[in-house]
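Here is the structure we will look at, set down as C-alpha cells.
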Amino acid sequence: MSLSRKGGLLLLIPLVVALSLVLSVFNITTPIAQTTPQITVYRVTGSGDVNNPGAAPFWSQIPWVNLSLTANIPNAPTSGLTHYVLVKAAWNGSWIFVLVKWYAPEPAFGAWSAAAAGIYPNAQGPGLFRLDELMPGTKYFIESNYTNYVAVVNGNLYHGRLVLNYSGVLLPTPNGSQITVLPNGTIIFWHSLRPMEYLLYNYGMFYGYYANSSWYYPDRVAMMWYLGSGVPTEDGMHIGGKYPGQVFDGFNFTYAGGSLKQPGGAANIWMWVSGATWNNATYDPAFKANLWENENLTGLPYVDPGNHGFAVPLYTNNTDMYEVDTAGVWYTPVSSNANALNGSLYFIWTGAKWDNGSWCVEFARPMAVPQGYLPWMVNITTGKTYYVAFAVWQGRLGETLFDKSITPTFVQLQVVNSSPPTSTTSSTSTTSPSTSTASSSSAPSPLSSPATVVTIVGVVIAVIVLIVIYAVYRK
C-alpha cells in the first residue's frame, strides 16, 4: 500500500467511527413509533369502589396502559399540558369499571363548572365564566363610526366598536365586548362566547384561557366511545358556533362547537368534572351546595342513592353536541322524553381522588343500558372491540372547553372473558414517541428495545463499511 493510500485510510477510520457513534446516539434518543395501543377489559370477581378509586383488589392485577396525549389546539401555546394518561379496565359480568390516572401538580379544588354554576343562583368563586388571554402583541382600538356600539376597557365605557389588531390582522368584536389590559400589555377578553373563541383562535389571537391563583377552571377527564361503523380516523371535535349554521356578528358558522369531525360518525362521551360531578362536599362546590338534589334547579329527580359522583353523559355527531338527559345543564338535551331518559344524568358512576400529585378517577357503569338510552349511549358486550379516546383538562393551569389534551387517535378497547394477567408490569403503548413515562415493576432487557437494536445494526454497518474500505485500499 502506498503512503497516500495509508494516510487516506487513517483519515477515514476516525470519520467512520464518528459516524457510527452519531448513528448510535441518534437511535437511542429517537424511539421508534409504537404499535396501536389496545385496552383490554379483563373479567374480574367483585366490584369497583368509587368511594376509593383503584382500591378494589383486582386493580393491582391489571397493568396500566400508557396513552400519549397531544394539544387539541396546537396553535395555542397553553394547550396540551398533560402529556400522557394511564388507563386500565375490568368488568364483572354486569358492570364495567375504567380507572384513569394522570399527573396534575395543581388540582383545581373549589372551581365551579360554569354550566353547573349557571343553574345555581348563589354560585361564587372561580370558574363562573371564561376569560380569554390574547396573544402577546395584540392591540386594540375603538372604531367610533359604530355609534350604536359600546365597549368596556378596564372598567370604562366607550361608545364605538372594539377592534382587535394582531400583526395587522383586524378582528371587530361584538357589541358590548369587554377587555382588561394588564400592566404588561396583555389583553384579557371577558365573558367570551363560543363563536368568539372560534374567531380568536382562527385569527391567531387566542393564547389560552386566563388563570391565576384566584381564578381558574375545574379539572376534567372524558372518555369517548365511538358509535359509528368501521374504523374511525378522527377523534377530534369542531370548534364552532352554538349551533350549526349560526350567524354571529356577521360571521356564519358551518359547524357547532363540539360536533364530531369523523364523517358519518357519532360518539358517547363520559365526562367527569371536578367542579360539578365529584362527590366531595369540601372541594366540589356543586356537591357542597347539594345542587343535584335540588330538583327545582335541575329539573331532574335525583336518582343517586349512594350520593356518589357521576359522569355527564354526552352524545356527539356531525351536527352538534348533546346532553343525554332532558335538563340540558351543559348542552342541548338529546330528547324531551323524560320517561325514556329517567335517571340518565346519574347513570355513569364516578369516584375521584387526588393524591401525590395525580388525579385518579374511576368510572363504573352497567354494561347494558336501558332501551330509552340506547340510541345515545354505548351498549357494552363481551367479545366486541370498541374504539375509545380520552381528553384531560388542567383547569388550574387555564385549560377548559376546547383547550385540552387529547389522544391523537382512537384506541382499541376489547372486552374479554379472560382473567387479569398475574404480572403487573405496565404496558407502555404510546401514540407518539415523546411520552413513554409509564412505570414498570420489572426492567426490560436492553436488547428488547427497538432503539437499541437499531443502534447495534448501525454499528455493524459501520464496521462492514470500514472493512470494505480497507480491502479497497489494500489492492
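The values are calculated or read from the model by the stated rules, or taken from the named source; none is laboratory data. On a predicted model such as this, the values are computed, not experimentally measured, just so you know. When we count neighbours, we look across all protein chains shown, and the Cβ atoms used for this are built from the backbone with ideal geometry, even at glycine.
Some notes on this structure:
- Pairs, first assigned by TED's automatic domain parsing to the domain that holds Gly328 in segment 283-301, second of a type in the set (S, T, N, Q) and outside any loop (DSSP other than H, G, I, E, B), C-beta under 9 Å, six or more apart: Leu291/Thr298; Trp292/Thr298; Leu300/Ser344
- Selected residue (criterion: nearest to Gln246 (Cα to Cα)) from residues of segment 183-213 that are out of contact with any Phe, Trp or Tyr (no Cβ under 9 Å at 6 or more places or on another chain) and without any contact (Cβ under 8 Å) to a residue 60 or more places away in the chain: Asn202
- Within segment 43-58, the set of residues being within 16 Å of Val416 (Cα to Cα) and either crowded, with 22+ Cβ neighbours inside 10 Å or hydrophobic (A, V, I, L, M, F, W, C) (or both) comprises Val44, Phe58.
- For segment 330-349, filtered to residues that are buried (at least 22 other Cβ atoms within 10 Å of the Cβ) and aliphatic (A, V, I, L, M), the residue that is farthest from Val303 (Cα to Cα) is Val334.
- Verdict on Tyr120 being at pLDDT 95 or above and touching a helix residue (DSSP H, G or I) at 6+ places or on another chain (Cβ under 9 Å): yes
- Selection within segment 314-331 - part of a strand (DSSP E or B) and in contact (Cβ under 8 Å) with a residue 24 or more places away in the chain: Leu314, Tyr315, Thr316, Asn317, Met321, Tyr322
- If you filter segment 231-265 down to residues that are in a strand (DSSP E or B) and small (Gly, Ala, Ser), you find that the one that is farthest from Thr332 (Cα to Cα) is Gly241.
- Selection status of Ala327, crowded, with 23+ Cβ neighbours inside 10 Å and in contact with a Ser or Thr (Cβ under 8 Å, 6 or more places away or on another chain): no
- Count of residues meeting criterion [of a type in the set (Val, Ile, Thr) and in contact with a Pro (Cβ under 7 Å, 6 or more places away or on another chain)] in segment 255-281: 1
- Checking each residue in segment 60-77 for being over 30 Å from Met205 (Cβ atoms) and in a loop (DSSP other than H, G, I, E, B) picks out Ile62, Pro63, Trp64.
- A count restricted to segment 199-214 and to residues that are in contact with a strand residue (DSSP E or B) (Cβ under 7 Å, 6 or more places away or on another chain) and either in a loop (DSSP other than H, G, I, E, B) or among the aromatic types (Phe, Trp, Tyr) (or both) stands at 7.
- Boolean, Pro37 is surrounded by 20 or more Cβ atoms within 10 Å (Cβ to Cβ), modelled with pLDDT under 95, closer than 29 Å to Asn417 by Cα and under 21 Å from the mean Cα position of the chain (by Cα): yes
- Enumeration of residues in segment 368-414 that are small (Gly, Ala, Ser) and in a strand (DSSP E or B): Ala389, Ala391, Ser405
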